[in-house]
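First up is the structure itself, then whatever we jot down about it.
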Amino acid sequence: MWGTTYSLPIGWSYTEERPYKGDTIRENRRLYLHLYYSPDRALEDEKAFNSRLADLQEELMSNQCHPEHEKLYDRYFQVKQTPVRGITVTAKEEELAKAKRNYGYFALLSNDIKDPIQALETYRRKDLVEKAFDNLKERLNVRRLAVSSEQSLDGKLFVQFVALIYLSYITAKMQEEQLFKNYTLQEVLDEFDVIECFAVPGKQLQVGEITKRQAELYQKFAVRPPASLQ
């Protein structure tokens with residue numbers, strides 16, 4: 001939940017070289033910088049930062065430093081070593097204060113969307129689909145040897161890609177109807193998953209009775225229930 005939002009239009013010097021025409025396009029275009037602050041995210045950032053600092057300090061104290069952490073050691077700690085006291089590690093309070101100022105903040109940049117809430121919702125939907133598609137590709141790569149042909153693999157990929165389109169739509173409708181206040185995405189899918197269908201050869205498919213909650217969800221998603229449910 002974002003407590004504060006702020007948007008600022010900024011200029012962008014756009015340059016594009018066009019080898020096929022032998023010229024260069026130079027334009028000043030407008031971008032929209034959206035800034036967000038969340039108290040909940042600030043607490044999460046502080047917890048994560050303190051945990052990271054504790055790990056870095058332990059590495060220094062135990063003299064088990066990692067080369068890739070050298071910049072972080074130098075930035076946040078002052079290290080002294082004497083024959084009597086051994087290694088002494090002191091945090092640089094000024095640097096810690098600088099890091100603390102960024103807790104809870106997040107920024108998005110758009111060349112089209114002016115509204116900060118719309119920009120955030122669009123980003124979340126895009127992020128959801130990208131992560132789901134990455135997971136899809138990973139699963140298919142692992143199971144590639146179990147597929148009898150490239151055509152079968154392409155078919156699986158297509159079907160699951162279409163499923164991601166539905167997933168994106170469901171998420172967008174849940175945000176539009178503010179369903180995330182009462183449901184998670186999985187809980188909505190579970191509500192529909194328990195509806196039973198009965199197939200008898202030679203007869204019309206019959207669908208079991210739905211609950212009031214399920215009927216309300218159909219209405220929220222602007223989807224007409226199957227005829228046998230009406």
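The values are calculated or read from the model by the stated rules, or taken from the named source; none is laboratory data. Predicted, not measured: the structure shown is a model, and the values here were computed from it. Reconstructed Cβ throughout: ideal geometry from the backbone, glycine too, with neighbour counts over all protein chains shown.
Scanning region 36-55 for residues that are crowded, with 16+ Cβ neighbours inside 10 Å and of a type in the set (S, T, N, Q) returns a single hit, Ser38. Checked against (1) at pLDDT below 85; (2) surrounded by 15 or more Cβ atoms within 10 Å (Cβ to Cβ), Asn141 passes all but condition (2). Restricting attention to region 193-224, the residues being in a helix (DSSP H, G or I) and under 27 Å from Val129 (Cβ atoms) number 8.
Please verify whether Asp190 is part of a helix (DSSP H, G or I), of a type in the set (Asp, Glu) and modelled with pLDDT under 85, treating the condition exactly as stated. So Asp190 fails the test. Consider region 74-100. How many of its residues are more than 18 Å from Glu46 (Cα to Cα) and not small (Gly, Ala, Ser)? Residues meeting the conditions: 13. Of everything in region 56-74 that is touching a Phe, Trp or Tyr at 6+ places or on another chain (Cβ under 9 Å) and of a type in the set (A, V, I, L, M, F, W, C), the residue that is surrounded by the fewest Cβ atoms within 10 Å (Cβ to Cβ) is Cys65. Pairing each residue of region 94-106 that is in contact (Cβ under 8 Å) with a residue 40 or more places away in the chain with any residue that is not in a helix (DSSP H, G or I), provided the two are 6+ apart or on different chains, yields C-beta distances under 6 Å for Gly104/Tyr37; Gly104/Ser38; Tyr105/Tyr37; Phe106/Tyr36.
In this structure, does Leu31 turn out to be over 17 Å from Arg124 (Cβ atoms), modelled with pLDDT of 90 or more, surrounded by 12 or more Cβ atoms within 10 Å (Cβ to Cβ) and out of contact with any His (no Cβ under 6 Å at 6 or more places or on another chain)? Answer is yes for this residue.
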